[in-house]
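For reference, the structure is listed below as structure tokens.
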Amino acid sequence: MKIYLTSFILFLMLFVFACSDVDQSNSDLPPIQPNPNGDSELALLMREMFDDGMRMKEQIESGDKLEVLAKFEKIHTAQATEPEKAASKKYKLYADAYLNMLEQLKVSSEKDTEILFQGLVESCMNCHRAMCPGPMVRIKKLYLKK
Ligand code: HEC
């Protein structure tokens, strides 16, 4: 009985933490592990997408040539904390919108880079606004300053 209760509580915590995001970036403390059950494949991919966004932002702001890596197709297949969310039609459409922006950024001429990059960040925000608002505070940091 006790075991069932413990797993039930852990299970609940998984849902509570899945889309929450404590803003840790202004702190000197080591990052908090937000998910006691280990992070989903999708959560890890998202962190990689964020880091890659930061890398591109820095390239743009320092006037370097932008390198766009196309390695985030896994957004469609990575195991999510809440699998039914990632299986929805809505999620798939937002995911395609994001991959499209990434592709546009890759093939477009340099003069369009800034506007397309803002659009890329917007495509992250659109999905998050609709499905997973917690990390939006962090994602906003990707926008180029105007
Ligand atoms: C198609 C919808 C969608 C798009 C597009 C999307 N996300 Fe996410 N994101 C999610 C979902 C769903 C989760 C929750 C993942 C989980 O817990 O399994 C998430 C989680 C996150 C997290 C929290 C990860 C953690 O540490 O738990 C961050 C940060 C994040 N996304 C950043 C981004 C960035 C940056 C982009 C754009 C480059 C982006 N997301 C695009 C749906 C999306």
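The numbers here are math on the coordinates, done by the rules we state, and not lab data. Quick caveat, the model's predicted, so the values are computed rather than measured. All Cβ positions, even for glycine, are placed from backbone atoms using ideal geometry, and neighbour counts span all protein chains on display.
So how far apart, in nm, are the two label points at LEU93 and TYR4 if each is 7 Å from Cα heading toward Cβ? Once both label points are built, they end up 4.1 nm from each other. Across every pair of different alpha-carbon atoms, what Kirkwood hydrodynamic radius in Å does segment 69-121 reach? That comes to 12.1 Å for segment 69-121. Taking every alpha-carbon pair within segment 30-117, the share separated by more than 23 Å comes to 34 percent. Separation of the alpha carbons by more than 27 angstrom is noted, of LYS89/LYS146; LYS111/LYS146; LYS74/LYS111; LYS74/LYS145; LYS65/LYS90, for LYS89/LYS146; LYS74/LYS111; LYS74/LYS145; LYS65/LYS90.
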